[in-house]
Amino acid sequence: MNRPGFFLALVRAAVLSIVAALVIVPLIATFLGGFKSVGELRASPFGLPPVWRIETYTDILGGPVFWGYIQNSLIISFSAVFLTLMLASMAAYIFAQIHFFGSKYIQAYLLLGLMFPFATAIVPLFLQIRNFGLLDNPLGVILPQTAFSMAFAIVLLRSFFQQLPKELFEAAYVDGCGYIGFFFRFTLPLSTPILATVGTFVFVQSWNNYLLPLVVINDSAGYTWPLGIMRYRGEFMVEWNRILAFVSLTILPALIFFTFTQKYIVAGLTRGSVKG
Amino acid sequence: MKSFCLGAATVLGLTLAGSALADDVRMLAIEPNVPEGRQYYLDVAKAYEAANPGTKVQFDFLDDTSFKSKLPTLLQSSARPDAFFTWTGGVFYEQAKAGVLKDISVDFTDADRKNYSPSGIQSMSHDGKLYGVPMYAASVVLWYNKALVEKAGVDPKAIKNWEDLLAASKKIQGAGIVPIVMGGKDKWPIALFYGQLAARIAGTDGVAAADKGENEGFNNPAFVQAGEALKQLADLKPFQPGYMDTTQPKAAGLFGDGKGAFYLAGNFLVGAQAQNSASGKGLGDDLDFITFPAVDGGKGDPADTFGGVNGWLVTKDAGKSTVDFLKFLTNNKNQTEGGRLKIWLPIGTDAQSGIADPRLRRIAEGLSKAPHHQLYLDQMLGASVGAALNDAAAQIVTGDISPEEAAALVEEAREMR
Amino acid sequence: MTTMTGSRSQLSPAARIARMHRQGKLTALLLFLPPALVLFTLFVIWPIFNAANLSFFKWSGYGAIDNFVGTQNYQRLANHSVFHQSLWNSVKLILASLFIQIPLALTLALLIYKKTSINTAFRLIFFAPYILAEIASGVIWSFIFDGDFGVSGQIATALGIEPFYILADRQFAFLAIITVVVWKYFGYHMMIFIAALQAVPDDLIEAADIDGAGRWQKVFYVKLPLIMHAIKLSAFFAIVGALQVFDIIIPLTNGGPSNSTHSIVSYLYTYGLAQLNVGYGAAVGVVLFILCMVTAFSYRRLAMGKGGAL
């Protein structure tokens, strides 16, 4: 390696290490915080715990409620991911594959979904869910989450579908494969990368969502973990150590999901976003 | 695909499990401040079920912030609980007016009512109708760190009026000690001073009149005077550095670490200053309190207390068991047990005997002897006016607005209510 | 493409539909599009519509919605200095997202887009803050900014200066919020850029090598132009995202000190939902919605060009 090359490699390593440190210190503090007492956490948020209180973690893991919350969250998040991918890919396929009158307007209409976080209309949204009789039902969380992910998902999926080689469709069409058959037999299997990408973003958003499950789920047996975690917030005392331990444990499923979809993600966004 | 189908099956299962039977009791509580609190409720529920076979009692818990966000929507759905926790005051009146509560006046005979303090029953009533059952009260006092005031040469027992407190603060400051620890980020700890001063100056009747908009509402000179007194204190810069980035729990921890001499808070501080302190032990026996000082010329009785009243409101369509369970929950035995566990100061007339901590016991005695108990102003005034009041108090202290402007802000919010 | 999707010739509408039907397009259209549209309309558009309606009422969330107040909520909003501040804060967030977050994400993406195992590890680290729940991000960063025990406090002690309480400081508290927002969301944009960079064909880079292009020339004349679409898309998500920042503010500053650090949505939450002014909150939501829409459609016009990714 030549001299400037070596120098640049050094700079590169330095930049990456510094940013990685800035990113990772708060994450490690989150994890370590779970081993401290509330007072230690306040007085020494970044030091090593003087005593490793493993029981905070083991209490949560061994407690009766944790796995219930995780199960509820998993059901809701996976359902939201599945439904979003299903419905959005069908719609995106139509936009990518078929020209029809009004296509542009419908896409602009869907774009409105990006302008609108849950919090802005939580009360009307609640009334709507109530009118459908979906309170205390996971579907009351899943369906709105899916609806709110629709715009973003369709934008990315459509641009990916447009990149699929045209010759493929022509050949399939000649062989008697219709539009619907082509979608299931070719478009979906060829699009696992972008599906994984959108899936990850939808998963993370659904996994961490607090406000919607809060107003929809009343029975604590149906709580998702962001609601469950609130049990450590008393009116005047907050057990931050337990909250941090809990969060550390719940970040794992999301990290695993990300790691699992990593290779797809990278290949996926590539084709989706570049050519637009 | 298979796993999704499994998921859907579980979804269905959950839905079925969620629907309750006719006369079961579903309670919605806030997260108690001590872990024993949760267990206490569950134990009471179990005891009731044992005594009343066939009736199920279920407690759901939410932290207070989530609870407040959720309640409006929840009460207007069929999934509403049979009874829920309340801070009484303005929000309770809104709920009563909206018709989501059940009038339980007839279920409470005079004999039943005797178990509760009259002011407790009063707090649960609106327009002469009883909607709920009181359970506990909180009372704000001025806590101090014995070691620190001694070191500064201040005798807290000699602090009788507001001027005395200002003088003591100066003296403590002179000794290089932070006079008052404050959780300014949450705003309401600042508003405790503002509200206490208003109660001392205007008296409970004056506060009630302002709430109704009589005598110029909050533009009444008494509230401007309260703001001026608060500004006098703030001008001494008596709070720890960075107090506007200090939440109430963190402030309690600082006080428990011995980082300041005074702390204005309710009885909950005994536990909070220990739990949040670096050592986990807090001040121990160095913790003591005086009642909030009088203000010369004020209409409020110095023996009046200031704080919260909490209990349970019954929702419409709740079955008979609900009231019955609430009577059980607040009976003398359970109240005494709650007091013994330091979960709260019981409001029941004979339930104070269980309180072991002498300081808490003194607070409870003060409460029972008080001519008036002024509800926290932010709770009394309801959500929007209460928030405006907390905000105004914080802005007086940070010097953003004058006492007159603060009073005008609160009054404006009251008129919008 | 033309043969398959139909040349848009001079056919009558009826004839066009008939041909679509013959080709099986109509069935696909009627089967595939409605589910997404129906769900979207029921749970997104309909609530927006209702919120718009609520914004003309004074409603506490309890009881009947019968107190029609006309444009009173909007007038209050227009006169509320805290709301003005929240608008200004949103502008700052947009600028920070565009000029700090995106360049940072782009730089990092350029450094680690190649597929090696160490790069994969860096990717995981840089993406982790996006996964971390807002409540935890908020509390951990409030510890960092703590003047007594946090990192800033330790730096001050080491330098022998007075501890500095950034979250209590009207001038700098919002800077702290911007820091956390950048920290939390840059990984998201980085992922988009990495993906785009990997699609830059190797032969283009090789061609540039043969032409004797230097390291920087390759970046500025080959790589960046080729991923311009991804940058524009990412910038769009950043702008809309900046207008909707919320969860991070409540645990960090709760909008304080002196209500100087609200975003539009945290303002909505605090003054609308938390204070039981549902109608007022709805009015804020409508204003936010219009702002987002105007921004989005003018951005689409200006930056994306015709047939862009949006």
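The values are calculated or read from the model by the stated rules, or taken from the named source; none is laboratory data. Please read all numbers here as calculations on a predicted model, not as lab measurements. No Cβ is skipped: glycine too gets one built from the backbone with ideal geometry, and neighbour counts run over all protein chains shown. With ligands, DNA and RNA removed, areas are computed over all heavy atoms of the protein, side chains included. Shrake-Rupley method; radii C 1.70, N 1.55, O 1.52, S 1.80 Å.
Just a few scattered comments:
- The set of residues from the range C:212-222 being open to solvent by 30 Å² or more (accessible area, probe 1.4 Å) and not in a loop (DSSP other than H, G, I, E, B) comprises C:R215, C:W216, C:Q217, C:K218, C:F220, C:Y221.
- Within the range B:62-76, the set of residues being buried (at least 20 other Cβ atoms within 10 Å of the Cβ) and either of a type in the set (D, E, K, R) or not in a helix (DSSP H, G or I) (or both) comprises B:L62, B:K70.
- Those helices (runs of 4 or more DSSP H) of the range A:93-212 in which at least 1 residues are within 27 Å of C:Y130 (Cβ to Cβ), facing chain C (nearest Cβ under 10 Å) and at pLDDT 90 or above, considering only elements entirely within it, cover A:103-111, A:122-131, A:139-161, A:192-208.
- Whichever residue in the range B:170-188 is part of a helix (DSSP H, G or I) and open to solvent by 10 Å² or more (accessible area, probe 1.4 Å) and, among such residues, is farthest from B:A370 (Cα to Cα): B:G174
For (1) assigned to a helix (DSSP H, G or I); (2) at pLDDT below 95, each residue gets a yes or a no:
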| site | (1), (2) |
| --- | --- |
| B:A364 | yes, yes |
| B:P371 | no, yes |
| B:S384 | yes, yes |
| B:A394 | yes, no |
| B:I401 | no, no |
| B:E404 | yes, no |
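- Any hit, the range B:309-324, residues being under 27 Å from B:L42 (Cβ atoms) and of a type in the set (K, R): yes
- Test set (1) crowded, with 19+ Cβ neighbours inside 10 Å; (2) modelled with pLDDT under 95; (3) of a type in the set (S, T, N, Q) - B:T88 fails condition number: (2)
- The residue that is farthest from B:Q122 (Cα to Cα), counting only those in the range B:293-303 that are touching a strand residue (DSSP E or B) at 6+ places or on another chain (Cβ under 6 Å) and open to solvent by 10 Å² or more (accessible area, probe 1.4 Å), is B:D296.
- Taking the range B:116-152 as the range and being among the charged types (D, E, K, R) and part of a strand (DSSP E or B) as the test, only B:K129 passes.
- Residue count for the range B:254-274, restricted to those that are open to solvent by less than 10 Å² (accessible area, probe 1.4 Å) and either over 24 Å from B:L166 (Cα atoms) or part of a loop (DSSP other than H, G, I, E, B) (or both): 4
- Odd one out for B:K342 among (1) open to solvent by 60 Å² or more (accessible area, probe 1.4 Å); (2) part of a helix (DSSP H, G or I): (2)
- Among the numbered conditions (1) within 14 Å of chain B (Cβ to nearest Cβ); (2) of a type outside the set (A, V, I, L, M); (3) in a helix (DSSP H, G or I); (4) under 25 Å from B:K68 (Cα atoms), the only one that C:D66 does not meet is (3).
- Taking the listed residues A:L41, A:L8, the one that is within 9 Å of chain C (Cβ to nearest Cβ), of a type outside the set (K, R) and free of Cβ contacts under 8 Å to residues at least 12 places away in the same chain is A:L8, with no other qualifying.
- A Cβ distance below 6 Å, combined with a sequence gap of six or more or placement on separate chains, defines the contacts here; from the range C:54-82, residues that are open to solvent by 60 Å² or more (accessible area, probe 1.4 Å) reach residues that are among the hydrophobic types (A, V, I, L, M, F, W, C) in the pairs C:K58/C:V69; C:I65/C:F57; C:I65/C:W59; C:N67/C:F57; C:F68/C:F57.
Residue by residue, here is whether (1) free of Cβ contacts under 8 Å to residues at least 60 places away in the same chain; (2) open to solvent by less than 10 Å² (accessible area, probe 1.4 Å); (3) assigned by TED's automatic domain parsing to the domain that holds A:F257; (4) within 30 Å of C:G24 (Cβ to Cβ) holds:
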| position | (1), (2), (3), (4) |
| --- | --- |
| A:T146 | no, yes, yes, yes |
| A:Y179 | no, yes, yes, yes |
| A:P193 | no, no, yes, yes |
| A:T200 | no, yes, yes, no |
| A:F203 | no, yes, yes, no |
| A:Y210 | yes, no, yes, no |
| A:I217 | no, yes, yes, no |
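- Of the listed requirements (1) surrounded by 18 or more Cβ atoms within 10 Å (Cβ to Cβ); (2) within 14 Å of chain C (Cβ to nearest Cβ); (3) aliphatic (A, V, I, L, M), B:A79 misses just one: (2).
- Of the listed requirements (1) open to solvent by less than 20 Å² (accessible area, probe 1.4 Å); (2) over 30 Å from B:Q275 (Cα atoms); (3) not hydrophobic (A, V, I, L, M, F, W, C), A:Y69 misses just one: (2).
Yes or no, residue by residue, for (1) more than 8 Å from every other protein chain (Cβ to nearest Cβ); (2) open to solvent by 20 Å² or more (accessible area, probe 1.4 Å):
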| site | (1), (2) |
| --- | --- |
| B:M27 | yes, no |
| B:E31 | no, no |
| B:P35 | yes, yes |
| B:Y40 | yes, no |
| B:N52 | yes, yes |
| B:D60 | no, no |
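- Test: residue in the range C:7-27 that is within 11 Å of another protein chain (Cβ to nearest Cβ), under 30 Å from A:F132 (Cα atoms), open to solvent by less than 10 Å² (accessible area, probe 1.4 Å) and not small (G, A, S): no
- Here the helices (runs of 4 or more DSSP H) wholly within the range C:99-211 that include at least 1 residues being polar (S, T, N, Q), within 20 Å of C:Q244 (Cα to Cα) and open to solvent by less than 40 Å² (accessible area, probe 1.4 Å) are C:134-144.
- Only one entry in A:T30, A:T58 is under 31 Å from the mean Cα position of the chain (by Cα), away from chain C (no Cβ under 12 Å) and assigned to a helix (DSSP H, G or I), namely A:T58.
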